[in-house]
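Engineer: Next up is a structure, given as structure tokens.
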Amino acid sequence: MGMLDGKVAIVTGGASGIGKAIVEAFVREGARVIVGDVDAAGIGRVIGELGHNQVDGAEVDVRDEGAVERMVGQAVRRFGRLDIAVNNAGVGGFAPIQAYPLEEWERVIGISLTGTFLCIKHEAARMMAQGRGGSIINIASLNAIQPAEGFAAYCAAKAGVAMLTKVAALELGRHGIRVNAIGPGLIHTPATAPMTAVPGVEAAFIAETALGRAGEPEDVAGLALYLASDVSSLMTGQTLYIDGGASLKKYPEL
Ligand code: NAD
């Protein structure tokens, strides 16, 4: 018996990195999954690897409300229902605040925060109509609580995702829909590869952890599996940080 036997899930940004590992874990545990992503070729690769009986794709930019609505409709048309949604699509951007281009600010907030809102809106509407509850998981970041210079839009977006998670949990709880978030620290993915390739950068991150290592996408997928399944049935409104202890406030060594 898989932990998600018979369940149907959507994973946005599921063609790469953390999202792809979540798709793989969900399929392994018996779910059927819609991969929502802007990257059509990447969606095709995931379907090729996992098989089209278990996985289908929706080409979607999460900033486009019509496309988000169609993605949710596709889950129902293809697999008959929607039980789980992982709103994982997100992007970063780097610029000092006094020179932060408005267009870049709007791109990061648009994908990482507004996109998450649009997904919750349409996923929740579907889950409410079904009347069988559901689990919504938003991918925030350690940067929801830890500021990083040069990442104003990303930090603001992820703090917004953590608060949006609490409000959605309050509003949707009476319908049996749980809403939680995951806040990863540094995870090895295509998005972080250019940064960790810079000499010294990964070591600096690891020095801030208690466990002495960065994470792998599978680490995050394990937590998503917990939040998606009934094992976590009393948990809602929480952001769980998975960061090797990087969010722990250290006392100076005496
Ligand atoms: P990634 O770049 O490997 O994957 C992101 C996926 O999202 C890609 O497949 C991309 O095509 C898709 N995507 C981008 N814009 C989109 C849009 N507008 N609509 C739909 N899909 C879109 O990145 P990742 O490192 O796996 O990050 C996944 C999530 O985890 C992001 O929200 C990121 O902010 C968050 N996160 C990552 C880390 C890390 O260290 N990797 C740490 C904290 C939080």
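Engineer: Starting from the Cα coordinates of segment 148-197, work out the convex hull volume and express it per residue in Å³. Walk me through the intermediate numbers first.
Structural biologist: Numbers: hull volume 4.5 nm³, N = 50.
Here the figure is 90 Å³ per residue.
Engineer: Can I ask one more? Bins of 5 Å, beginning at zero and ending with the bin holding the largest distance: percent of Cα pairs per bin for segment 72-186, please.
Structural biologist: 2, 13, 22, 21, 15, 12, 8, 5, 2, 0
Engineer: Placing unit charges on C-beta atoms (Lys and Arg positive, Asp and Glu negative, everything else neutral), compute the dipole magnitude of segment 50-180 about its Cα centre in debye, rounded to 20.
Structural biologist: In debye, rounded to 20, segment 50-180 gives about 640.
Engineer: Among 244-250, 28-34, 194-200, 53-59, how do they line up by average Cβ neighbours within 10 Å per residue, starting with the highest?
Structural biologist: Result, highest mean first: 28-34, 53-59, 244-250, 194-200.
Engineer: A further question on this structure: Would you work out which of 27, 134, 93 lies farthest towards the positive end of the dipole of the chain, given +1 charges on the beta-carbon of Lys and Arg and -1 on that of Asp and Glu, about the Cα centre?
Structural biologist: Positive-most Cα among the choices belongs to 134.
Engineer: Also: Compute a Gaussian network model of the chain, connecting alpha carbons closer than 10 Å, and tell me which residue from 172, 211, 102 fluctuates the most.
Structural biologist: Evaluated over the chain, the most mobile residue of the options is 102.
Engineer: Taking a temperature of 4 °C and a viscosity of 1.567 mPa s, what whole-number D in µm²/s does Stokes-Einstein yield for segment 132-254 with Rh from Kirkwood over alpha carbon pairs?
Structural biologist: For the chosen part, D equals 84 µm²/s.
Engineer: Report, in debye and to the nearest 20, how large the dipole of the chain comes out about its Cα centre when Lys and Arg carry +1 and Asp and Glu carry -1 on their Cβ.
Structural biologist: Here the chain has a charge dipole of around 740 debye.
Engineer: For the Cα atoms of the chain, what angle does the longest principal axis make with the long axis of helix 17-28, in degrees from 0 to 90, nearest 10?
Structural biologist: 40
Engineer: While we're on this one: Return the whole-Å distance between the Cα centroid of segment 26-97 and the Cα centroid of segment 157-187.
Structural biologist: Going from one Cα centre to the other spans 19 Å.
Engineer: Normalise the Debye intensity by I(0) for segment 15-145, one equal point scatterer per Cα, no solvent, then take log10 at q = 0.11, 0.14 Å⁻¹ and round to two decimals.
Structural biologist: Listed by q, the Debye log ratios stand at -0.40, -0.64.
Engineer: Sticking with this one: Find the percent of Cα-Cα distances in segment 6-55 that exceed 16 Å, and round it to a whole number.
Structural biologist: Working: 282 of 1225 pairs.
The calculated P(r) of segment 6-55 puts 23 percent of pairs beyond 16 Å.
Engineer: A further question on this structure: List the aspartates and glutamates whose Cα lies under 16 Å from the Cα of residue 121, skipping any in the same chain that are fewer than 8 positions away.
Structural biologist: 61, 64, 65, 69, 83, 171
Engineer: By how many degrees, 0 to 90 and rounded to 10, does the Cα axis of helix 65-79 deviate from the longest principal axis of the chain?
Structural biologist: It is inclined by approximately 50 degrees.
Engineer: Tell me which GluC sites (Glu not before Pro) from segment 193-254 have a DSSP coil assignment and no more than 16 other beta carbons within 10 Å of their own.
Structural biologist: Those that pass, being in a loop and sparsely packed, are 253.
Engineer: Using helices alone, I'd like the mean residue ellipticity at 222 nm for the chain: each DSSP H run of four-plus residues gives -39500 (n - 2.57), total over residue count, nearest 500.
Structural biologist: Helix-only estimate at 222 nm: -13000 deg cm²/dmol.
Engineer: Roughly how large, in nm² to one decimal, is the mean projection of the convex hull of the alpha-carbon atoms in segment 76-124?
Structural biologist: Result: 4.2 nm².
Engineer: So if the hydrodynamic radius of the chain is defined as the Kirkwood radius over C-alpha pairs, what does Stokes-Einstein give as its diffusion coefficient at 20 °C and 1.002 mPa s, in µm² per second?
Structural biologist: 117
Engineer: Tell me the Kirkwood hydrodynamic radius of segment 188-251 in angstroms, computed as one over the mean inverse distance between distinct C-alpha pairs.
Structural biologist: With all distinct Cα pairs of segment 188-251 included, I get 13.6 Å.
Rule-based calculations on the coordinates, nothing more; no lab input. Since the structure is predicted, the reported quantities are computational estimates derived from the model, not experimental observations. Please note: Cβ atoms are built from the backbone with ideal geometry, for glycine as well, and neighbour counts cover all protein chains shown.
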